[in-house]
Amino acid sequence: MNILLVEDEARVADFIQRGLKGEGWAVTHVPDGEQALDMLTSRTFDVMILDLMLPGVSGQDVCRKMRAQRDQTPVLMLTALDGMDERIKGLELGADDYLTKPFDFDELMARVKALRRRQNA
């Protein structure tokens, strides 16, 4: 599986990358929304894990722009924004799933696998 990880916190990104690579998955990490949008125009990913609070272009704007461009890459929003309003907004913007920090890595893995299954169905 080829995953785009959009996360500006180096420690969190490193933790996620190590876990996903340990599963044998290819991970491309970018620390901001602008680079994420650039990556989406040049490469194809099976799943994107997207933080919302990013420098420059926010995760919400990344999701909004990619969906406006008809990009159907499954998106898992991973964020500290845990209020019901934020979760609803994220899903309405086009996210396929929403997980709040702190998170259990096994749950993250299960959600990524579920997104991939739905994509292949």
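The values are calculated or read from the model by the stated rules, or taken from the named source; none is laboratory data. All figures in this text were calculated on a predicted structure; none of them were measured in a lab. Cβ sites come from the backbone with ideal geometry, for glycine too, and all protein chains shown count toward neighbours.
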- Could you say which residue among Leu76, Leu5, Leu81, Leu37 is surrounded by 17 or more Cβ atoms within 10 Å (Cβ to Cβ) and either at pLDDT below 95 or basic (Lys, Arg) (or both)? Leu81
- Note on the structure: For segment 70-86, the count of residues that are touching a residue at least 12 places away in the same chain (Cβ under 8 Å) and more than 15 Å from Met48 (Cα to Cα) equals 4
- Test Asp38 against the stated conditions and say whether it is in contact (Cβ under 8 Å) with a residue 24 or more places away in the chain and of a type in the set (Asp, Glu). no
- Just to be sure, is Gly59 surrounded by 15 or more Cβ atoms within 10 Å (Cβ to Cβ) and touching a strand residue (DSSP E or B) at 6+ places or on another chain (Cβ under 6 Å)? yes
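Taking segment 59-72 only, how many residues are part of a loop (DSSP other than H, G, I, E, B) and either more than 13 Å from the chain's Cα centre (by Cα) or at pLDDT 95 or above (or both)?
3
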- Give the residue that is surrounded by the fewest Cβ atoms within 10 Å (Cβ to Cβ), with candidates limited to residues of segment 15-34 that are in contact with an Asp or Glu (Cβ under 9 Å, 6 or more places away or on another chain) and of a type in the set (Val, Ile, Thr). Val30
- Could you tell me which of the residues Asp51, Asp46 is under 13 Å from the mean Cα position of the chain (by Cα), crowded, with 17+ Cβ neighbours inside 10 Å, closer than 20 Å to Lys101 by Cα and charged (D, E, K, R)? Asp51
